[in-house]
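Below is one structure, written out as structure tokens; the observations come after it.
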Amino acid sequence: MSVEGASSRRPPSFQQAENTRQKARAAGLDPDRWYAVEYARAVKKRHITEVTFWNTSIALYRGEDGVLAAVQNRCPHRQLKLSHGVVQRCHLRCAYHGWTFDRDGRLVDYSHDSFGKPLLKKRLRVYPVRVRYGLIWLFPGDPTKAEHQLLPTIPELEGDSPWAHMMMDFTWQTHHSMVIDNICDFAHAFLHRKYRPFTDAKLRHYQADERRVTLTYDTHMAQGRISGIFVDRRRVNTRSIELCYEYPYQWSDTGGKIKHWCFVLPVDLRQTRVFFVFYFDAMKIPLTPLKMPRWLQEMALRIAKPLLFRPLLAQDGMALEAEQQGYEQHWDAPPIELNPTVPLLQQLTARKWEDYLARSGAGIEQSPPQRGE
């Protein structure tokens, strides 16, 4: 079929996909993992927010005692989202008729109802929740597996002398696999020519196994007019970078002193919330050889966040949203990929989703419905 005719049809489902790229673009992420869903500071006492994992709506709330809980975001009475309701003490109360549920998903109050006891035979589904590094982590899969599945660890943010760091997030109208491709592919330096976070990248080494894809580029890091004067190149090797897609997370390491993690939250086929954690032990006072103290690094990062990091990553968001639109129109165009690591990233995403479907017996179609259906 011609490329022009593809725009009148939808991209294939996971089971209908004919190549690795199509499979990756239709794959979900294994729910039997921990996913960053919100900042801990954003959910205050008596506050409710809706988070969505692969088209599943979840009500995340914090009780008056400060403890977080996450339950199925649907009152079984009239199907309203419980995130429209209120928190009373440590319970979640539906906005419509006031049905009230505890953290275990049990109906504990229907006193408004003068027509008899509701015939509610099962609890709402509940989800394990944890807090680490200022992020709220949720386990959307089988809760019996939560204790055995490790969260990412960042030793540099722990202990008595944590590194300076900053976090930011974006919600992009793109599939999560495109985000991973983008972050690990350093062939798009032209997109960032204004900020020059990296230049002249040459892929030096890569390998893949059942859990990860690792790659190393020889490149010039932090070459921008502003960022370049803050990096202590005497202490840090900025001529190469190691990256890893450690499913379902992604991280990088420059000289052991400039690092980041990326945590993707798949909302649906066309939307992904992306959390970035950047942390540094590589900054110097400009025009001097002196290492910048941590408190000053934190101040510099607060200034750089809106002036450098956010607009830089917004360029990626623009490109990814355009790529999503292009894929939906031309999904059956022959894949053209010059970076040998990108197919490996896509293979890992597709294989892990296939493993999950087989393990869970979830059936043939596990892609969420298209928006507007």
Could you please let me know if PRO306 is farther than 30 Å from THR56 by Cβ and in a loop (DSSP other than H, G, I, E, B)? no
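This table checks each residue for (1) among the charged types (D, E, K, R); (2) over 16 Å from HIS260 (Cα atoms).
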| residue | (1), (2) |
| --- | --- |
| ARG193 | yes, yes |
| LYS202 | yes, yes |
| HIS205 | no, yes |
| ALA208 | no, yes |
| ALA222 | no, no |
| ILE229 | no, yes |
| ARG233 | yes, yes |
ASP109 being among the charged types (D, E, K, R), in contact with a Phe, Trp or Tyr (Cβ under 8 Å, 6 or more places away or on another chain) and at pLDDT below 95: yes
When every residue in segment 251-262 that is small (Gly, Ala, Ser) and surrounded by 19 or more Cβ atoms within 10 Å (Cβ to Cβ) is compared, the one nearest to the chain's Cα centre (by Cα) is SER252
Give me the residue from segment 215-224 that is of a type in the set (Ser, Thr, Tyr) and crowded, with 20+ Cβ neighbours inside 10 Å and, out of that set, nearest to ARG294 (Cα to Cα). THR219
Within segment 188-206, take every residue that is exposed (fewer than 14 other Cβ atoms within 10 Å of the Cβ) and out of contact with any strand residue (DSSP E or B) (no Cβ under 6 Å at 6 or more places or on another chain) and give me the one that is nearest to GLU321 (Cα to Cα). PHE190
For GLU156, which of the numbered conditions (1) exposed (fewer than 13 other Cβ atoms within 10 Å of the Cβ); (2) at pLDDT 95 or above fails to hold? (1)
Tell me whether segment 97-108 contains one or more residues that are under 19 Å from PRO128 (Cα atoms), among the aliphatic types (A, V, I, L, M) and touching a Ser or Thr at 6+ places or on another chain (Cβ under 6 Å). no
Which condition number in (1) within 30 Å of LEU150 (Cα to Cα); (2) not in a strand (DSSP E or B); (3) not polar (S, T, N, Q) is the one that ILE58 fails? (2)
Can you go through THR219, THR238, THR199, THR214 and tell me which one is in contact with a Cys (Cβ under 6 Å, 6 or more places away or on another chain) and more than 22 Å from THR272 (Cα to Cα)? THR214
Would you confirm whether or not segment 18-25 contains a residue that is surrounded by fewer than 16 Cβ atoms within 10 Å (Cβ to Cβ), over 30 Å from PRO248 (Cβ atoms) and not basic (Lys, Arg)? no
In segment 225-250, what count of residues is obtained for those that are surrounded by fewer than 18 Cβ atoms within 10 Å (Cβ to Cβ) and assigned to a loop (DSSP other than H, G, I, E, B)? 7
Is there any pair linking a residue in segment 123-145 that is under 20 Å from ASP102 (Cβ atoms) and buried (at least 21 other Cβ atoms within 10 Å of the Cβ) to one that is at pLDDT 95 or above and of a type in the set (D, E, K, R), with Cβ under 6 Å and at least six apart or on different chains, and which? ILE136/GLU38
Would you check if ALA164 is among the small types (Gly, Ala, Ser), surrounded by 15 or more Cβ atoms within 10 Å (Cβ to Cβ) and under 28 Å from TYR39 (Cα atoms)? yes
Can you name the residue in segment 263-300 that is touching a helix residue (DSSP H, G or I) at 6+ places or on another chain (Cβ under 8 Å) and surrounded by fewer than 20 Cβ atoms within 10 Å (Cβ to Cβ) and, of all such residues, is nearest to GLY159 (Cα to Cα)? PHE276
If you go through TYR206, TYR217, TYR245, TYR249, the only one that is at pLDDT 95 or above, of a type in the set (Phe, Trp, Tyr) and touching a Ser or Thr at 6+ places or on another chain (Cβ under 6 Å) is TYR206
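The values are calculated or read from the model by the stated rules, or taken from the named source; none is laboratory data. The structure presented is a predicted model; accordingly, all values stated were derived computationally and were not measured. Methodologically, a virtual Cβ is constructed for each residue, glycine included, from the backbone with ideal geometry; neighbour enumeration extends over all protein chains shown.
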